[in-house]
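Asker: I am attaching a structure below and will ask some questions about it afterwards.
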Ligand code: CMC
């Protein structure tokens, strides 16, 4: 007999089905609760709410486990390419050699963006944050490809939209950086792989020969894989909610980019470096800043620490910390911020406040130091996160549309005024 949960309300016992996932995670299915009892569930921030059944990413926050389609993040980060991982997330299986070659070729065919889009960049102020530019540019793609407006077209049409998006996001991201410097845009070069091409468009100049450093390519590949998906986080839930209204993929991902921008989510990687610079400029007194983070009267938080789901360690942070040491050594860079970060981590991990609340370094804690070493400016850090997260957003959107999930529409408990009469303005 299948498992049920019993709930007693107003003296009556109701039975609710229990659903068990493939990794033995359990959920009480409350979808009929309101019809049966008149009650809804209340869960601010969805801390305990499963919004979907998904077969893309598994994570166990207590054990520090992260799997994409069943493969561990440790294996993927050390053995796979970002394109392979993108294929895996979107289509469910690791590609064969031929499938990967076809996928990469299809993406290379679409790396150019319309010349008309170049004009948009001219209208942005020089100080425009690249995340604001990127989300607008990605949404604008829908205006250039009106056939994408119906997300339920044929499989081929859906794939074309997906491949266009994967191909054009690096071009638009790199151009938003070039635009902030008032430098000429570099056109994509299809003899390069995905990471090389992005670095080329970011750092090459028409006036000089540019060689992509293999250590930089490898580090970028690892960082993008580590960020590629993270189940139902804020931006992914945004993507699923926006997509559930049957909005087109470009607008849907643009909404995800906006959600990612916030400092509590992807924007934290920029905040971490700014925090480390602030501590460094302040004389490197780590204890003082740890004390500030613990002070409830002080709004300061230790950026790059804590996670909604990981309560033991973030497996991505472990890989990034090692990669950080590696990259800095290979590129022969001595960054004082790395020493501060390590000291901060050590002090915080031994502190009762952080221990009691299970606050550990998250993916963003060391990623900024690597991006800095790769020559990527601070304001582009969250754009890098978006570049990595794109296949995850697409996979989650594709799964949601294929499962024909209903439009996302949470309920609420109203706590405002009860019914009252309109008062004329002369009497207020
Ligand atoms: N520094 C100091 N105190 C903290 C921190 C921090 N970074 N994070 C959480 N706390 C405290 C918080 O004040 C609360 O204390 P108390 O129980 O006394 O009220 C307790 O820990 C629980 O925190 P919470 O805010 O209720 O936890 P949450 O699950 O709602 O938030 C979080 C998770 C990631 C938003 C939060 O830990 C945070 O703001 N961290 C800093 C920002 C950051 O690094 N974000 C990147 C997350 S990883 C990348 C991604 O996937 O987006």
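Read the figures in this text as sums done on the coordinates, not as results from a lab. Not measured: the values here are computed from a predicted model. Because the Cβ atoms are built from the backbone with ideal geometry, glycine has one as well, and the counts that use them run over all protein chains shown.
Asker: Taking every Cα atom in the range 197-313, find the radius of gyration and the maximum pairwise distance Dmax, and write them in Å.
Answerer: 18.7, 53
Asker: Provide the packing ranking of 214-220, 181-187, i.e. peptides ordered by the mean count of other C-beta atoms within 10 Å per residue, highest first. Mind dumping the intermediate values first?
Answerer: Values: 214-220: 18.3, 181-187: 13.0.
In decreasing order of mean packing, 214-220, 181-187 become 214-220, 181-187.
Asker: Same structure again: Tell me, what is the FRET efficiency for residue 42 and residue 156 to the nearest 0.05, using R0 = 35 angstrom and their Cβ-Cβ distance as r?
Answerer: Details: r = 44 Å, r/R0 = 1.25.
Once rounded, the FRET efficiency stands at 0.20.
Asker: Continuing with the same structure: Could you compute the FRET efficiency for residue 71 and residue 357, with r as their C-beta to C-beta distance and R0 at 25 Å, rounded to 0.05?
Answerer: Details: r = 31 Å, r/R0 = 1.24.
With R0 = 25 Å, the Cβ-Cβ based efficiency is 0.20.
Asker: Pairs of Cα atoms under 8 Å, at least six residues apart: use those to get the relative contact order of the range 28-136, whole percent. Provide the component values of the computation, followed by the final result.
Answerer: Values: 50 pairs, mean separation 12.0, N = 109.
The normalised contact order for the range 28-136 reaches 11 percent.
Asker: Okay, moving on. Counting alpha carbon pairs within less than 8 Å and at least 6 residues apart, what relative contact order, in whole percent, applies to the chain? Show your work: numbers first, answer last.
Answerer: Numbers: 551 pairs, mean separation 85.0, N = 428.
The value is 20 percent.
Asker: Under a GNM of the chain (C-alpha, springs under 10 Å), which listed residue has the highest mean-square fluctuation: 118, 12, 211?
Answerer: The residue that fluctuates most here is 12.
Asker: Let me ask something additional. In whole angstrom, and with the biggest value first, how far do the Cα coordinates of the range 1-46 range along each principal axis?
Answerer: The Cα atoms of the range 1-46 stretch 34, 33, 14 Å along the principal axes, largest first.
Asker: Assuming 0.36 nm per residue, please report the length gained on full extension of the stretch residue 334 to residue 105 beyond their Cα-Cα distance. Walk me through the numbers on the way to the answer.
Answerer: Values: separation 229, 0.36 × 229 = 82.44 nm, distance 3.87 nm.
Gain in length upon complete extension: 78.6 nm.
Asker: Additional query: For the range 367-428 and the range 78-107, write down the distance between their C-alpha centroids in whole Å.
Answerer: 28 Å
Asker: Now for a different question. Kindly state, to the nearest 0.05, the FRET efficiency for residue 22 paired with residue 423, given R0 = 51 Å and r defined as their beta-carbon distance. Before the final figure, lay out the partial values.
Answerer: Working: r = 58 Å, r/R0 = 1.14.
The computed FRET efficiency comes out at 0.30.
Asker: OK, next. Averaging the inverse of every distinct alpha carbon separation and then flipping it gives the Kirkwood radius. What is it for the chain, in angstrom units?
Answerer: On the way: mean 1/r = 0.0425 Å⁻¹.
Computed over the chain, the radius equals 23.5 Å.
Asker: May I ask for log10 I(q)/I(0) of the range 268-373 at q = 0.17 Å⁻¹, from a Debye sum over the Cα atoms as equal point scatterers with solvent left out?
Answerer: Taken in order of the listed q values, log10 I(q)/I(0) reads -0.75.
Asker: Could you grab the relative contact order for the range 268-373? Cα pairs under 8 Å, six or more apart, rounded to a whole percent.
Answerer: On the way: 119 pairs, mean separation 46.5, N = 106.
For the range 268-373, the relative contact order is 44 percent.
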